[in-house]
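Just below is one structure, and these are the notes that go with it.
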Amino acid sequence: MDLVLNAADYHLLTPYVYPSMWPENEPFRQLLSLFVITNLGALALYLLFGTLSYYFIFDHELKKHPQFLENQVQREIAYAVQSLPWISVPTVALFFAEVRGYSKLYDNIEDSPYGWSGVILSMLSFLFFTDMGIYWIHRFLHHKLLYKRFHKPHHLWKIATPFASHAFHPVDGFMQSLPYHIYPFLFPLHKVTYLGLYIFVNVWTISIHDGDYRVPKILRHIINGSAHHTDHHLYFDYNYGQYFTLWDKIGGSYKSPTSFEGKGPHDYLRKLREKESNGQGNGCEPRTMPNGDSQKNK
Ligand SMILES: [Zn+2]
Ligand SMILES: [Zn+2]
């Protein structure tokens, strides 16, 4: 994060914003700058990629699903925008520790323990580490002592849109981002790679809420995509993962997505339309899926 802070200081904050007698490395100034940068950055990523995904990827037919809430998109955005500043408070504390030099982040490829292959390896180990961390933290958040208070707000959206991606209770949002922030304190990581991964993580989180259930057949049982995560929102106890299905398979919580078996939200809508065009009315109870599985309304 010091790359962004230095750039902001150089181009904007030092010449135009802060009084000239306030040194760039003064801790309170760094905290204040990091708070503003983190909030603006997170908001920009969420709104930019969320909006692109909503208009170009999300299937708006899904808004006709009986479990799509009234004014859901506005509610998702409002919830996320209110939570992000609170999530940023502990996040800024970790970014501050990074800027003050307590992490294992490095500037140059020469500082990498194994050169370029070390950079590639660190990206793979970052994905593995965060996938594992998010799986167990997410599963922990489903514990009855925590679920209602911290994680239930994210499960309000049964048929999520890309804007649900950051609509978390602040404690939930921070806890699920923790593996990303802890990694550079434990393992060496290139600073530019870290920033790239920050963008990737945000875009991936949006993508698993985008209602585009397609995954190349060969990757269907490996990658945790929107189809898997939609079933998590609908059926709760399955597919807690983030990028891969690995930990759901190890943890016994993997469920082949209903949409891969012709029983997903799109299939439900199609059957609803068929029934309506056959003059039978909708005839479906909102909480019963076409495969007969009743969804728990946790
Ligand atoms: Zn959950
Ligand atoms: Zn979700």
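Summed over segment 253-273, the residues that are open to solvent by 20 Å² or more (accessible area, probe 1.4 Å) and within 16 Å of ligand 1 (Cβ to nearest atom) give a count of 2.
Residue under question is LEU127, and the condition is that it be farther than 26 Å from LEU40 by Cβ, more than 22 Å from the chain's Cα centre (by Cα) and modelled with pLDDT of 95 or more; does it hold? Here the answer is no, as LEU127 does not meet what is asked. The residue of segment 231-247 that is most open to solvent (accessible area, probe 1.4 Å), among those that are within 12 Å of ligand 1 (Cβ to nearest atom) and either of a type in the set (Ser, Thr, Tyr) or not in a loop (DSSP other than H, G, I, E, B) (or both), is TYR238. Here LYS148 meets each of (1) within 16 Å of ligand 2 (Cβ to nearest atom); (2) more than 30 Å from SER112 (Cβ to Cβ); (3) not aliphatic (A, V, I, L, M) with one exception, condition (1). Having 3 or more residues that are open to solvent by 50 Å² or more (accessible area, probe 1.4 Å) and closer than 30 Å to GLY262 by Cβ is the bar; report the helices (runs of 4 or more DSSP H) wholly within segment 121-229 that clear it. So the answer is none; nothing clears 3.
The set of residues in segment 250-279 that are of a type in the set (D, E, K, R) and farther than 22 Å from TYR147 by Cα comprises GLU261, LYS263, ASP267, ARG270, LYS271, ARG273, GLU274, LYS275, GLU276.
Being of a type in the set (Gly, Ala, Ser), touching a residue at least 60 places away in the same chain (Cβ under 8 Å), under 17 Å from ALA42 (Cβ atoms) and within 12 Å of ligand 1 (Cβ to nearest atom) holds for only one residue in ALA164, ALA160, and it is ALA164.
The values are calculated or read from the model by the stated rules, or taken from the named source; none is laboratory data. Quick caveat, the model's predicted, so the values are computed rather than measured. No Cβ is skipped: glycine too gets one built from the backbone with ideal geometry, and neighbour counts run over all protein chains shown. These accessible areas exclude ligands, DNA and RNA; they are computed on the full protein's heavy atoms, side chains included. Shrake-Rupley method; radii C 1.70, N 1.55, O 1.52, S 1.80 Å.
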